[in-house]
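The values are calculated or read from the model by the stated rules, or taken from the named source; none is laboratory data. Computed from a prediction, not measured in an experiment: that's the story for all the values here. Note that we place each Cβ from the backbone using ideal geometry, even for glycine, and neighbour counts take in every protein chain shown.
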Number of protein chains: 2
Amino acid sequence: MSIFFSRQCEYALQAVMYLALKPEGEMTSIKELTKKLNIPYHFLAKILQDLTYKGLLKSQKGPSGGFALGMQPKDITLFHIVEAIDGVDFTNKCVLGFPECSGKNPCAVHDKWGGLRDQIYDMLVSKNIAQMAKEMKKPEYRAFVD
Amino acid sequence: MSIFFSRQCEYALQAVMYLALKPEGEMTSIKELTKKLNIPYHFLAKILQDLTYKGLLKSQKGPSGGFALGMQPKDITLFHIVEAIDGVDFTNKCVLGFPECSGKNPCAVHDKWGGLRDQIYDMLVSKNIAQMAKEMKKPEYRAFVD
DNA sequence: TCAGTTTAAGATAAAATAGTCTGAATTATA
DNA sequence: TATAATTCAGACTATTTTATCTTAAACTGA
């Protein structure tokens, strides 16, 4: 079990982060991505297609083609990616799965989870991937294998 | 997609919470549970079997049989249930799915998620289900449909 | 003891997610 | 213009999760 995001979403997040490390406009092939991130080729291809269709990436066919960010890095947050792949039901669903859970009718952890949910949201929107990429460029902050 | 726990785990949490509302030792049938919690009968049966095997519940066959807590309510936390059903990988896996993520090699949200992970853990262990049941007995705190 | 009620167990089915394969379309470049 | 590299698209397979069905076993109470 992936712990919060679907596997597909994890791959999407990883791929976009990787692209954010590249000079603006440079195209990166699926081949490079799958090799560096260790993600199944055709599965990643589908995910990138999806992100392209939704405008988060742009693509180019042919030799020296590949994928690049489809928007300014400063305008992309992790939340955008999660929204595109998994959806963001976590922002309004009861964590224990009670259909009736609400402020009037709270489950045992309603308030506690409310606070956590907001913090998770904050984690996903408070930095854009340009900032994240900058931090990750420092060698001690890299999260990709060479 | 369930938002953090698997559907199976959500059902387990709901069922155990429901049993915690009952007078100690009273047996509750699958029929009552599926009706009140709106969970598929045979699916819930499997889950309860599993929890029984793991000692969290006890069961009795025959008329007036059913399920009841297998330990003192004060000794059961939500964490025990999650541990039994989903496992607790969330306590040590990278939320973005990077296999290499660690303190030396953190992902973009490593520290932030570290704090959240601890708070989620805390949410699951800080109250036992006896306390939760007590709170939920107050009508305005009920989370079950009649 | 017998009938009815309940859990136990295992096989099966359905749906969702993850992953693979193949061929077509596009494009850079030699 | 021909070739090779790349994404695009769709069908297919595999695995995991969710759900159902059926029969057996255990138990209660009449």
* Go through (1) among the charged types (D, E, K, R); (2) away from every other protein chain (no Cβ under 13 Å); (3) more than 30 Å from residue B:93 (Cα to Cα); (4) in contact (Cβ under 8 Å) with a residue 40 or more places away in the chain and name the single condition residue B:36 misses. => (2)
* To do: Out of the residues in region B:39-84 that are more than 14 Å from DNA strand D (Cβ to nearest atom) and of a type in the set (Lys, Arg), state the one that is farthest from the other protein chains (Cβ to nearest Cβ).
  => B:54
* To do: Output yes when any residue across region B:117-140 is of a type in the set (Gly, Ala, Ser) and within 24 Å of residue A:35 (Cβ to Cβ), and no when none is.
  => no
* **residue B:135 being part of a helix (DSSP H, G or I) and either within 8 Å of chain A (Cβ to nearest Cβ) or farther than 26 Å from residue B:19 by Cα (or both)** => yes
* Asked: How many of the residues in region A:71-93 are surrounded by 17 or more Cβ atoms within 10 Å (Cβ to Cβ), under 26 Å from residue A:31 (Cβ atoms) and without any contact (Cβ under 8 Å) to a residue 60 or more places away in the chain?
  -> 1
* Structure fact -> Within region A:19-68, of all residues that are of a type in the set (Gly, Ala, Ser) and away from DNA strand C (no atom under 11 Å from the Cβ), the one farthest from residue A:131 (Cα to Cα) is A:29
* **Scan of region A:10-30 for residues that are in contact (Cβ under 8 Å) with a residue 60 or more places away in the chain, within 15 Å of DNA strand D (Cβ to nearest atom) and among the hydrophobic types (A, V, I, L, M, F, W, C), ordered by number** => A:12, A:16
* Structure fact -> For region A:85-103 the number of residues that are touching a helix residue (DSSP H, G or I) at 6+ places or on another chain (Cβ under 7 Å) and either more than 10 Å from every other protein chain (Cβ to nearest Cβ) or outside any helix (DSSP H, G or I) (or both) is 8
* If residue A:16 satisfies every condition in (1) more than 13 Å from every other protein chain (Cβ to nearest Cβ); (2) modelled with pLDDT of 95 or more; (3) within 24 Å of residue A:124 (Cα to Cα) but one, which is the exception? -> (1)
* Structure fact -> By residue number, the members of region B:3-35 that are surrounded by 15 or more Cβ atoms within 10 Å (Cβ to Cβ) and in contact with a strand residue (DSSP E or B) (Cβ under 9 Å, 6 or more places away or on another chain) are B:15, B:16, B:18, B:19, B:20, B:22, B:27, B:28, B:30, B:33
* Scope region B:94-118; condition among the β-branched types (Val, Ile, Thr) and surrounded by fewer than 18 Cβ atoms within 10 Å (Cβ to Cβ); matching residues -> none
* Asked: Right, residue B:109: closer than 30 Å to residue A:77 by Cα and modelled with pLDDT of 95 or more or not?
  -> yes
* Please tell me if residue B:95 is over 19 Å from residue A:101 (Cα atoms), more than 14 Å from DNA strand D (Cβ to nearest atom), modelled with pLDDT of 95 or more and touching a Phe, Trp or Tyr at 6+ places or on another chain (Cβ under 9 Å). => yes
